[in-house]
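Q: I have a structure here, written as structure tokens, and I will follow up with some questions on it.
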Amino acid sequence: MILQKTLTKTARANITIILIFLATVSITYAAESINSIYPEDKIKDQISQHNWQYYKVELDNPAKLTIKLRKISDDVDLYVSKNQKPTTDNFICAPRKSGKRIETCRLNSQEADIIYIGIYGKADSDYQLGLSAHEQELVSWSDYK
């Protein structure tokens with residue numbers, strides 16, 4: 001619907017204002033939430049086929065990080081990346097073992113990092129996610145002089 005209204009500002013000028021009303025369309029979608037996870041946390045959860053579940057780990061210091069995914073009932077995949085959510089095409093670690101095997105990613109972070117963990121459901125499944133981190137001291141060459 002178009003509504004047109006003419007206003008007179010002065011005797012010499014007419015200003016025409018056209019207001020266009022557009023129908024609003026509401027689109028509903030499932031937002032992929034990102035849950036924070038901390039070293040030594042053990043997560044038990046479930047995922048539906050063809051869906052993602054995301055976790056993030058904020059490392060304050062350099063650390064050796066071990067992430068383990070145990071598949072309880074069916075096939076899910078582990079994906080890990082730095083500074084952004086992983087995808088099936090963009091990751092730094094993705095063991096992708098089929099079946100109910102344990103998938104493990106080990107990372108050595110040389111600085112404070114944000115690590116994202118993605119769990120992808122190849123089938124409806126229950127899973128357990130475990131995380132351990134050990135701070136590591138970086139040795140500089142000046143320590144050996």
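Q: Residue 135 versus residue 108, label points 7 Å from Cα toward the beta carbon: distance in nm?
A: 1.9 nm
Q: Starting from the amide H of residue 76, placed 1.01 Å from N in the peptide plane, find each other amide H under 5 Å away whose residue is 5 or more places distant or on another chain.
A: 122
Q: Taking H as built 1.01 Å from N, whose amide H comes closer than 5 Å to the amide H of residue 56, not counting residues under 5 places away?
A: 35, 36, 37, 117
Q: Something else about it: How much net charge surrounds residue 46 when only the other residues with a Cβ under 12 Å from the Cβ of residue 46 are counted, with Lys and Arg +1 and Asp and Glu -1? Show your work: numbers first, answer last.
A: Details: positive: 44, 71; negative: 45, 74, 124, 126.
In short, -2.
Q: How much net charge surrounds residue 124 when only other residues with a Cβ under 13 Å from its Cβ are counted (Lys, Arg +1; Asp, Glu -1)?
A: Surrounding charge for residue 124 is -2.
Q: Efficiency by 1/(1 + (r/R0)^6): what FRET value for residue 92 and residue 123, r their Cβ-Cβ distance, R0 = 30 Å, to the nearest 0.05? If you can, show how the numbers build up before the last one.
A: Values: r = 25 Å, r/R0 = 0.82.
With a Förster radius of 30 Å, E is 0.75.
Values in this text are rule-based calculations from the coordinates and carry no lab data. Being a predicted model, the structure only gives us computed values, none of them experimental. Methodologically, a virtual Cβ is constructed for each residue, glycine included, from the backbone with ideal geometry; neighbour enumeration extends over all protein chains shown.
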